[in-house]
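Novice: Shown below is the structure under consideration.
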Amino acid sequence: MRRLAILVLALIVFLPARASSAATDNTAQLVPIWPDVTPIASYDIQVALDIDTKMVSGHETITYTNSTDTPIPDVVFHLYLNAFRDSTSSIFMQESGSLSRGYSFDPDYPGGIEITDIRLADGTTLELDLIEDETLAKAELPEPVAPGETLNLEVEFQSTLPKVFARTGFYKDFFMVGQWFPKLGVWQDGGWNAYPFHSNSEFFADFGNYDVAITLPDNYVTGATGLLASTKANNDGTQTVSYHAEAVIDFAWAASPNFKQATRDVGGLEVVYIYLPEHAFTIDRALDATEAAVTNFGAWYGAYPYPRLTVLDVPDEASGAGGMEYPMLVTAGLEDPTGLGLMKGQYDHMLEIVTIHEIGHEWWYAVVAFNEAEEPWLDEGITDYSTVRLMEKEYGPHEMLDMGSIKMSYLEARRMEYLMMPETPMYGKAWDFGTSDYGVGAYSKPVISLLTLEGVIGEERMLKVMSTFFERYRFKHPTTEDFRATAEEVSGQNLDWFFDGLVYGKEILNYSVSSVEEHRVTVTRQGSLIIPTEVQVTFADGSEALEAWDGSEAQKTFDYSDRPAVVRAEIDPDHKLLVDLQWSDNGLLRRMDVWSWLAINCQILYQIQNMLLGEGGL
Amino acid sequence: MEAPVKTTSWQAFRNGLTRSIRYPQVILCAYLFNLLTGLLLAVIPALTLVDPAHRTAIQDAANGIDMWLVEEILGSTTTYSILQETASGPPPWLQQASLVVFFILLAVPVLAWLTASFLRGGILLAYVEAPQPFSWQRFFWGCWHWFGAFLLINLLLEIATLLLMSILLVGIVMAASAAGAWINWITLSLLVLIIVPWLAISDYTHLFAVVDQTRNVFKAFGKAFILIFRRPLALAGLFGLSLLMLLLIQAAFRILLPSLPPDWWPLVFVVTQVFIIARLWSRLVRWAGAVDIT
């Protein structure tokens, strides 16, 4: 009956969208139906939110199907909130120093999760052992779950939300409820793939269906993964809101009495922006960015497969909850660092960057579900590469910051980070990285490397690689090697330089023109990374030559005895190789450019004079 | 007996304008010191840039701030150490790039301190003795006479400013994290209430030393401290008008500069130097006007 009600509701909600989607080819990509995916781990959850104690307590029924060919003797749960019991005891706190995303943990408002009862569908109680740092729990089963069999578990639990920290928690009457319920690990290769909650690590889970009913005060507005199936008034000042989602790997929700809602139809997809009144000025910006992301990522990689996308705003003081991805739900938010209303994003596009990045994860996390703990470079790197491409396309140059003479693009910011630690391998488990090299290994270097790969194989072929990879691994858990196989197959090239040199290795590259003589040009490669490139040579009569150079020799000389005198030479003139450590030595003139030299010195002199005045001097 | 009429901030500002224009030699001298000090420091990057001026990247840089180049200069220390392990090694200018930036950042405050301490005595003496005709001999006597005393007081004031600012910054961060960002409105108001009087104390310490013909800067500091309580509104008005003048100059320049082609350096040079002179002038107007509020 309940399923029928959901079906009827879904038909009502989506029929108009289906009708409009038939009108054009573009909208046909965004047909809002649930993906046809066999669920492995499904959750039916009923909880109540106590806004005074900041507790979420209730019951979950887990339906787990063993899709592997090995029997499963036990179950392992993630209890993520136990990482926030205090400032010191969990692995998360020890690794992070109780700091996450620039925010400190408040030990006066800890978090935690307790399973008060766990039994099988037939009523058999299971013994639960907390393991590692208590962010994992294990229960032996009386009988192993045979391949193809389904296990039903009934779990009573109580979650205490911390003051917003590491993506989850409360701030006053705002609640961001993420990583909040006992959640199964992933059974792989004869064991549970489930790690304690590490500070750099994100998440990994099986696909499943979620039915979540939340009872909370009736003046609260909610936003969540999935579709709102029903809202029921309880006549005691509370309401019960029920959400339904299919083919998702997680479920998160948020609630606040202050939330407002703006919606937009994007080619048949319902986009919802849930915002706080003080951020009403962000409505158009957030929805424009969302539309750009859904449309372009859909065209580049493949259609967004779910019927709704919710973008959630967070309070300035709870920015630790912003900038996070969940299936069908992302959190963004715009913080004014001055607190004076002076910086409302008028000089930057950080709101757009965060929104687009998190929506990118809908493709590269929610649908192509990488193991974020074991290979964080895949989801963060590919998503950030997508973000850089889209920001440049939609918002032009200097799209990140444009404040007078200070201008910067998102790509430039990422390259700056890369140049600080270019020898960081991209591949590695989240906890193999420190705080700073995690940013380089998982974000900056992948962006720079993937754009270099695009420069080498061409934009069209690169998009073909990405769309094939997306299509092939939708609702699966691919690895780096799966990406390698797809990239090499589709590009038709051996990509050892990319995978062995940059992903697994710490190879670096610096190409330079080392000398320009009248009839000779010498080019040099520093570092062991070898990427084919081009050398453009300009002669005195204005003619040019474009030489291919495979980079295999550390030094190579081109001879032009039969041509007019050489005036300049430049390696990689189109700046395709972003991994090149110094572009500034890529080009060389036979004679010094005095005019440009004077122009720069004129600027330097002016800056020094200004600094002298600024320092109180004359 | 009739009470002496107190000069208003507007009158002081107007007198400051008149006085500063009456002695263009002062503006010229201050500008030349600024230009020569700037040139002295600019020689080092100019020499460092001779080798990179053979690079095509110099043409990108000449067309305005090139963020790619800025990044490469900022990352040059890391790149240098990585390339050192390669067969051909890094180019020498790569190591020099960050060293030159570091040197300039270190040298600027020192030279600013020396030039300001030297010139201020002569400049204030000319304004205090207005409307007497300008005398270069008297001007340089003033510069030399107060040089040592002003070196000392400027050093002490600079240290005190650094301490004050550090304490304020820590306080702002702690207050904002404890109470929320709304408290920045209060701290911003408090900052204005602290910084403007602090600037006034600094200005008047120098002025009282010259007016009273003393090199006892501590006595002058005491008088300046008392003055900010005695004539707070007049001082606030004078500083406000000077700030407005500076803001107008800045605004005009910000509008004009982007329309100039950066690589057309002779025009850029003229415009930037006019701006430096205007900026200097706005400061001298404040100093010249301050003579009337004592």
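The values are calculated or read from the model by the stated rules, or taken from the named source; none is laboratory data. Model, not experiment: these values are computed from the prediction. Quick reminder, even Gly has a Cβ in these numbers, built from the backbone with ideal geometry, and neighbours come from all protein chains shown. Just so you know, the surface numbers come from the protein's heavy atoms only, side chains and all, with ligands and any DNA or RNA stripped out. Shrake-Rupley method; radii C 1.70, N 1.55, O 1.52, S 1.80 Å.
Novice: Hey, what angle do you get for helix A:350-361 against the long axis of chain A, alpha-carbon based, 0 to 90 degrees rounded to 10?
Specialist: 70
Novice: If R₀ is 35 angstrom, what is the calculated FRET efficiency for the pair residue A:423 and residue A:51, using the beta carbon separation as r and rounding to 0.05?
Specialist: Working from the Cβ atoms, E equals 0.10.
Novice: Here's another thing I want to ask about it. Classify the range A:39-252: rounded, prolate or oblate, from the alpha-carbon gyration tensor (a ≥ b ≥ c, eigenvalue square roots; a/c under 1.5 rounded; otherwise prolate if a/b is larger than b/c)?
Specialist: Cα axes put the range A:39-252 in the oblate bin.
Novice: Could you give the spread of the C-alpha atoms of the protein assembly as shown along their three principal axes, from largest to smallest, in whole angstroms?
Specialist: If we take the Cα atoms of the protein assembly as shown, the spans are 106, 91, 53 Å.
Novice: Label-point separation (nm) for residue A:506 and residue A:546, each offset 7 Å from Cα along Cα-to-Cβ?
Specialist: Between residue A:506 and residue A:546, the simple spin-label model gives 3.7 nm.
Novice: Relative to the longest principal Cα axis of chain B, at what angle does helix B:232-256 sit, 0 to 90 degrees, rounded to 10?
Specialist: It is inclined by approximately 30 degrees.
Novice: Can I ask one more? Give a quick list of trypsin sites (Lys or Arg not before Pro) in the range A:372-421 that DSSP marks as loop, anything other than H, G, I, E or B, with at most 11 other Cβ atoms within 10 Å.
Specialist: Passing both the DSSP loop test and the Cβ count: no residue.
Novice: Hey, another quick one. Which one of A:487, A:261, A:249 is farthest out on the positive end of the charge dipole of chain A, using unit charges on Cβ (Lys, Arg +1; Asp, Glu -1) and the Cα centre as origin?
Specialist: Positive-end residue among those listed: A:261.
Novice: Tell me the per residue accessible area of the protein assembly as shown using a 1.4 Å probe; a whole number in Å² is fine.
Specialist: Value for the protein assembly as shown: 41 Å² per residue.
Novice: Give me the count of lysine pairs in the range A:369-507 whose alpha carbons sit under 18 angstrom apart, restricted to pairs 8 or more positions apart or on different chains. Walk me through the numbers on the way to the answer.
Specialist: Working: A:393/A:407; A:429/A:445; A:429/A:506; A:445/A:506.
Total qualifying Lys-Lys pairs in the range A:369-507 comes to 4.
Novice: Around residue A:136, which amide H atoms from residues at least 5 apart in sequence, or from another chain, sit under 5 Å from its own amide H, with H modelled in the peptide plane?
Specialist: Those lying under 5 Å, H to H, from residue A:136 are A:79, A:131.
Novice: Pairs of Cα atoms under 8 Å, at least six residues apart: use those to get the relative contact order of the range A:157-211, whole percent.
Specialist: 20
Novice: OK, next. Starting from the Cα of residue A:221, step 7 Å along the direction of its Cβ; do the same at residue A:122; then give the gap between the two resulting points in nm.
Specialist: 4.9
Novice: Tell me the label-point distance for the pair residue A:476, residue A:106, using the 7 Å Cα-to-Cβ offset, in nm and rounded to one decimal.
Specialist: 4.6
Novice: Using 0.36 nm times the number of residues separating residue A:258 and residue A:392, minus their current alpha carbon distance, what extension gain do you get?
Specialist: 44.8 nm
Novice: Just give the residues from the range A:400-432 buried by at least 30 square angstrom of accessible area in the all-chains context relative to the isolated chain, probe 1.4 Å, and say none if nothing qualifies.
Specialist: The answer is A:405, A:412, A:415, A:416, A:419, A:420, A:423 - residues whose exposure falls by at least 30 Å² when every protein chain is included.
Novice: Mind checking the full-extension length gain between residue B:110 and residue B:163? Use 0.36 nm per residue of separation minus the Cα-Cα distance, one decimal, nm.
Specialist: In short, 17.3 nm is gained.
Novice: Would you please classify the overall shape of the range A:399-462 from the alpha carbon gyration tensor, given that a ≥ b ≥ c denote the square roots of the eigenvalues, rounded means a/c under 1.5, and beyond that prolate means a/b larger than b/c while oblate covers the rest? Could the numbers behind the result be given before it?
Specialist: Values: a/c = 2.68, a/b = 1.15, b/c = 2.33.
Because a/c hits 1.5 or more and a/b fails to exceed b/c, the range A:399-462 counts as oblate.
Novice: Provide a list, ordered by number, of residues in the range A:558-585 showing at least 30 Å² less accessible area with every protein chain present than when their chain is taken on its own, using a 1.4 Å probe.
Specialist: So the qualifying set is A:568, A:581, A:582, A:583, A:584, A:585.
Novice: Ignore the peptide's own chain and count Cβ atoms of other chains within 10 Å of each Cβ in B:263-271; give me the average, rounded. Before the final figure, lay out each step's value.
Specialist: Working: counts 6, 3, 9, 3, 1, 5, 7, 1, 1.
Partner Cβ neighbours, averaged per residue: 4.
Novice: Related question: Just from its helices, what would the mean residue ellipticity at 222 nm be for the protein assembly as shown, if runs of 4 or more DSSP H residues each count -39500 (n - 2.57) and the sum is divided by every residue, rounded to the nearest 500 deg cm²/dmol?
Specialist: One gets -14000 deg cm²/dmol as the mean residue ellipticity at 222 nm.
Novice: Quick one: compute a quarter of the convex hull surface over the Cα atoms of the range A:369-507 and quote it in nm².
Specialist: Across all orientations, the range A:369-507 yields a mean hull projection of 8.6 nm².
Novice: Let me have the relative contact order for the range A:510-596, percent, based on Cα pairs under 8 Å that are six or more residues apart. Don't skip to the end; give the middle numbers.
Specialist: On the way: 177 pairs, mean separation 32.6, N = 87.
Relative contact order, the range A:510-596: 37 percent.
Novice: Assign one of three labels to the range A:368-429, namely rounded, prolate or oblate, based on the Cα gyration tensor with a ≥ b ≥ c the square roots of its eigenvalues; rounded applies when a/c is under 1.5, prolate when it is not and a/b is larger than b/c, and oblate otherwise.
Specialist: Oblate shape, in that a/c is at least 1.5 and b/c is the bigger or equal ratio.
Novice: If you count only protein heavy atoms and use a 1.4 Å probe, how large is the accessible surface of residue B:145, to the nearest 10 Å²?
Specialist: Near enough 40 Å² of accessible area.
Novice: Kindly state, to the nearest 0.05, the FRET efficiency for residue A:574 paired with residue B:102, given R0 = 35 Å and r defined as their beta-carbon distance.
Specialist: It comes to 0.55.
Novice: As I understand it, the value is the acute angle between the Cα axis of helix A:2-21 and the longest principal axis of the Cα atoms of chain A; what does it come to in degrees, rounded to 10?
Specialist: 30
Novice: Also, I was wondering about something else. For residue B:61, what is the net charge nearby, where nearby means another residue's Cβ is under 11 Å from its Cβ and Lys, Arg count +1, Asp, Glu -1? Present the calculation step by step, with values, prior to reporting the outcome.
Specialist: Values: positive: B:55; negative: A:593, B:60, B:66, B:72, B:263.
Value of the local net charge: -4.
Novice: Excluding residue B:91 itself, calculate the net charge of residues whose Cβ lies under 12 Å from the Cβ of residue B:91, where each Lys or Arg counts +1 and each Asp or Glu counts -1.
Specialist: On the way: positive: B:55; negative: A:585, B:51, B:72.
Charge balance near residue B:91 sits at -2.
Novice: Identify, among A:557, B:123, A:292, the residue whose Cα sits farthest towards the positive end of the charge dipole of the protein assembly as shown, taking +1 on the Cβ of Lys and Arg and -1 on the Cβ of Asp and Glu, with the dipole about the Cα centre.
Specialist: Of the options given, the answer is B:123.
Novice: Can you give me the % of accessible surface on the protein assembly as shown that is carbon or sulfur? Probe 1.4 Å, all protein chains present, nothing else counted.
Specialist: 60
Novice: Zone of residue B:156 (label point 7 Å along Cα→Cβ, backbone N under 12 Å): which residues in the range B:187-211?
Specialist: Output list for this probe position: B:205-206.
Novice: Now for a separate question. Rank B:187, B:48, B:86 by mean-square fluctuation in a GNM of chain B with C-alpha springs under 10 angstrom and give only the top-ranked residue.
Specialist: B:86
Novice: Starting from the amide H of residue A:201, placed 1.01 Å from N in the peptide plane, find each other amide H under 5 Å away whose residue is 5 or more places distant or on another chain.
Specialist: HN-HN under 5 Å from residue A:201: empty list.
Novice: Return the value, in Å² to the nearest 100, of accessible area buried between chains A and B (probe 1.4 Å, both sides summed). The partial results should precede the final answer.
Specialist: On the way: alone 25650 and 18020 Å², together 37660 Å².
By this definition, chains A and B bury close to 6000 Å².
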